[in-house]
Amino acid sequence: MEHSEFQIGLEFWCGKRRWRCTDVGTRTVVAIGIHPVEVTTVQTDGTKEHETFTYEQADTMGWFDGPPSGLAETVFDEDDLEVCSREREDL
């Protein structure tokens, strides 16, 4: 995809994961992974709990509410954008 194609709220695919654009910079795009949704919770004793949710489960639980959402954002640079697509590509 070209940088000019991205806008906040746009959903796209990169790898085998669906993303939602949360910000468009001058040369970068920022997005949250929306399927699958991977969440890590750190307990007070330092142990970590990893969970994976489908889009529907995460949406019901409010993970996409925001901004800001409760999910970590990922920065995509110019090289990353070249392998993004509007359609899912089964690799």
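Nothing in this text is a laboratory measurement; each read-out follows from the coordinates by a stated rule. Computed from a predicted structure; not experimentally measured. Here Cβ is always computed from backbone atoms with ideal geometry, including for glycine, and neighbour counts include all displayed protein chains.
Debye calculation, C-alpha points only, no solvent: report log10 I(q)/I(0) for the chain at q = 0.17, 0.21, 0.25 Å⁻¹, in the same order as the q values.
-0.74, -1.03, -1.29
Using the count of nearby Cβ atoms within 10 Å as a rough guide to exposure, how do ILE34, ILE8 rank from fewest to most?
Taking fewest neighbouring Cβ atoms as first place, the list is ILE8, ILE34.
Quick query: amide H of ILE34 versus all other amide H atoms, modeled in the peptide plane; which residues come in under 5 Å with a sequence gap of 5 or more or a different chain?
For ILE34, whose amide H was placed from the backbone, the distant partners under 5 Å are ARG18, TRP19, ARG20.
If I take R0 = 25 Å and measure r between the Cβ atoms of ASP59 and HIS3 in this structure, what FRET efficiency does the formula 1/(1 + (r/R0)^6) give, to the nearest 0.05?
0.35
For the charge dipole of the chain, defined by +1 on Lys and Arg C-beta atoms and -1 on Asp and Glu C-beta atoms about the Cα centroid, which residue among VAL83, VAL24, ILE8 has the Cα displaced farthest towards the positive pole?
Value computed over the given set: ILE8.
Among TRP19, TRP63, which comes first, then next, by fewest other beta-carbon atoms within 10 Å?
TRP63, TRP19
Could you work out the relative contact order of region 3-85, using alpha carbon pairs under 8 angstrom and six or more residues apart, expressed as a whole percent?
With pairs under 8 Å counted, the relative contact order is 29 percent.
Along the charge dipole of the chain, Cβ charges K/R +1 and D/E -1, which of PRO36, MET61, LEU71 sits furthest on the positive end?
Highest projection toward the positive end goes to MET61.
Is there a quick way to get the dipole size of the chain? I mean about its Cα centre, with the Cβ of Lys and Arg at +1 and of Asp and Glu at -1; what is the value in debye to the nearest 20? Intermediate values should be presented prior to the final figure.
Working: 8 positive and 20 negative charges, 28 e Å.
Magnitude of the dipole: close to 140 debye.
Say we join alpha carbon atoms closer than 10 Å with springs in a Gaussian network model of the chain; which of THR74, THR52, THR41 then has the biggest fluctuation?
Taking springs between Cα atoms under 10 Å, the residue moving most is THR41.
Enter the Cα centre distance for the pair region 1-33 and region 50-82, rounded to the nearest angstrom.
Their Cα centres are 11 Å away from one another.
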